[in-house]
Amino acid sequence: ASAQFQLAVPVAVVFAPGSVPGDLPRPLPFRDVQETEIPVNLRTTVTTRYETIYRSTTAQEEAALEAATAREADAALHPLQDASLGSLTMYVVPETSSLLPQGISVYVGKHRSALVRAGGGLAALRAHLQQLTQVMSFTVSSITAALSDRVPDGQLGPDARRHLKSSLGYEITFSLLNPDPKSHAVDWDIEDAVNRYVQPVLDKLSLVANFSVDSQILYYAVLGVTPRFDKESSSFLLSAHSLPHVINPVEARLGSSAASLYPVLNFLLYVPERSHSPLYIQDKDGAPVSTNAFHSPRWGGIMVYNVEAPASPQASLPLHVDVDMVRVMEVFLAQLRLLFGLSREELPPEFLLESPGNDGLADWELDRLLWAHTVENIATVSTTLTSLAQLLDKIGNIVIKDDVASEVYRAVASAQRAVAELAMGHLHSAFQASKEAVTSSERAFFDPSLLHLLYFPDDQKFAIYIPLFLPMAVPILLSLAKIVRETRQRKKEPTKVD
């Protein structure tokens, strides 16, 4: 299935007084368009268009830029800028500006704007702008990861298969594993922790998909891998190469993914049994992992939570343990961001990224996710409909009902609308159209009226009907043969003439 994508990013570059470079090609305001191509494969092309408008600040923007700190300026500028998804605003401030800390030349806010220190003329400014647009919208690697099914393996980065596939919904399960309830009575306030730390992130991501969250406590659930005892530190160690073997035995106990329509994300808190405490995870080099946790791509994460040994050996069992949810949630949220491809990339030291605070992710990070998911959705629809067409070609006696046909037309129309909206730089409507296209294409593909024909091809009909008709057919065929023989004999006998 071939696909042509054109991703248009509306960018505004706003010059504060005293920051306009002397080598601008034209007087302000003016427009500029830059196009680049992302190589995917022979049948899929992705063209990126950065549609930039260069202008001076308005009086309100100037006032906002007089704030004491970059964070305050970012908050004051937010209501003044283009708030549509996928759009970026870069404010260029004078070289001497005290808004940016010493040694920082680019500040990325938590909305859809950045502050850039002037200096070095237009060429230096353009280099910063190019880096910024990649940080805040998409990179070659984020788009090729979204199209990973169409990209040759050699071109994919190491993280491409780590991210979750685009889906209309996700289920998140938090599980507390207590393999030794005789020794440890573990309490965790998961409801409060989810409301406080996870819900703000999911509220922000509600545009992307529907989320459901549940939690469970599993007793006597062990890791399935025996940790190694280390005499020096008198602790137990799990090495990096044994971590993949931990997941299967635990997953058998979770039981959440069996009945789920959507991808399930598992976050497990494991309190080791007393005979294996304390338990530490080692990385590939044998160094202890600071978070004492690890994640599995597209599956979830596991954190080991050690319980301090009682001060006196006569302490009564089970020990009461209150889990420090702040520490646990920090790890799980970092893993959640990683699974959604929201981990922050390595940037030059002169870049300063504002932390998203209680929201869990910045507006531009949400946009990054939407760019990738929109492209992935359109590619998925194209593949689904092509597969359906090939399937229907193979089954000659299939009857396509009107509702299936209308779902296919709707999927094609929605996908075309999504491509058109992307080319115009309307990220929000492009994403919504791509979601509608996925829904319609899957309804058509999995329609019950088509399914039974897939499992009942022609050769199976012969296999079923021949045993039924053969016993009846034998006497019929024999009597037919007898009739034919008698007719022939009658013809041969000469007729008597009187």
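The values are calculated or read from the model by the stated rules, or taken from the named source; none is laboratory data. Here the structure is a predicted model, which is why all the values come from computation and not from measurement. Ideal geometry is used to build each Cβ from the backbone, glycine not excepted, and the neighbour counts take in all protein chains shown. Remember, those area values only see protein heavy atoms, side chains included, never the ligands or the DNA or RNA. Shrake-Rupley method; radii C 1.70, N 1.55, O 1.52, S 1.80 Å.
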Considering only segment 90-107, state which residues are touching a helix residue (DSSP H, G or I) at 6+ places or on another chain (Cβ under 8 Å), at pLDDT 90 or above and either buried (at least 22 other Cβ atoms within 10 Å of the Cβ) or on the phi > 0 side of the Ramachandran plot (or both). MET90, TYR91, VAL92, TYR107
Mind listing whichever residues of segment 259-299 are aliphatic (A, V, I, L, M), assigned to a loop (DSSP other than H, G, I, E, B) and under 20 Å from VAL222 (Cα atoms)? VAL271
Scanning segment 223-237 for residues that are surrounded by 14 or more Cβ atoms within 10 Å (Cβ to Cβ) and more than 22 Å from MET329 (Cα to Cα) gives GLY224, VAL225, PRO227, SER235, PHE236, LEU237
Take ASN377 and decide whether it is open to solvent by 50 Å² or more (accessible area, probe 1.4 Å) and either in contact with a His (Cβ under 9 Å, 6 or more places away or on another chain) or not in a loop (DSSP other than H, G, I, E, B) (or both). no
Name the residue, out of THR36, THR47, THR52, that is assigned to a strand (DSSP E or B) and modelled with pLDDT under 90. THR36
Taking the stated definitions as given, is ASP359 acidic (Asp, Glu), under 16 Å from VAL201 (Cβ atoms) and open to solvent by 50 Å² or more (accessible area, probe 1.4 Å)? yes
Any residue at all in segment 309-329 that is touching a residue at least 12 places away in the same chain (Cβ under 8 Å), in contact with a helix residue (DSSP H, G or I) (Cβ under 6 Å, 6 or more places away or on another chain) and among the small types (Gly, Ala, Ser)? no
Touching a residue at least 60 places away in the same chain (Cβ under 8 Å) and on the phi < 0 side of the Ramachandran plot, is that true of PRO21? yes
ASP447 is checked against (1) open to solvent by 30 Å² or more (accessible area, probe 1.4 Å); (2) among the charged types (D, E, K, R); (3) under 29 Å from GLY169 (Cα atoms) and fails just one. What number does that condition carry? (1)
Do you know which residues across segment 92-142 are assigned to a strand (DSSP E or B) and free of Cβ contacts under 8 Å to residues at least 12 places away in the same chain? none
Of the conditions (1) modelled with pLDDT of 85 or more; (2) over 30 Å from TYR219 (Cβ atoms); (3) crowded, with 21+ Cβ neighbours inside 10 Å, HIS163 clears all except one; give me its number. (1)
Can you tell me which residue among ALA193, ALA209 is of a type in the set (Gly, Ala, Ser) and farther than 30 Å from ALA437 by Cβ? ALA193
Where TRP299 falls short, out of the listed (1) in contact with a strand residue (DSSP E or B) (Cβ under 8 Å, 6 or more places away or on another chain); (2) modelled with pLDDT of 90 or more; (3) under 18 Å from SER175 (Cα atoms); (4) not small (Gly, Ala, Ser): (2)
Counting only residues in segment 316-335 that are out of contact with any strand residue (DSSP E or B) (no Cβ under 7 Å at 6 or more places or on another chain) and open to solvent by less than 60 Å² (accessible area, probe 1.4 Å), the one farthest from LEU168 (Cα to Cα) is identified as MET325
Scan segment 276-295 and tell me whether some residue there is in contact with a helix residue (DSSP H, G or I) (Cβ under 8 Å, 6 or more places away or on another chain), of a type in the set (Gly, Ala, Ser), within 21 Å of ASP324 (Cα to Cα) and touching a residue at least 40 places away in the same chain (Cβ under 8 Å). yes
Can you tell me which residue is nearest to THR48 (Cα to Cα) among those in segment 385-397 that are open to solvent by 50 Å² or more (accessible area, probe 1.4 Å) and outside any helix (DSSP H, G or I)? GLY396
Please give the number of the condition ILE400 fails out of (1) in contact with a helix residue (DSSP H, G or I) (Cβ under 9 Å, 6 or more places away or on another chain); (2) open to solvent by 50 Å² or more (accessible area, probe 1.4 Å); (3) in the same structural domain as SER290 (by the TED database); (4) modelled with pLDDT under 90. (3)
Counted residues in segment 416-443 being more than 23 Å from LEU261 (Cα to Cα) and not in a loop (DSSP other than H, G, I, E, B) come to 13
Which condition number does ALA75 fail, the rest of (1) touching a Lys or Arg at 6+ places or on another chain (Cβ under 8 Å); (2) of a type outside the set (S, T, N, Q); (3) within 30 Å of HIS373 (Cα to Cα) being met? (1)
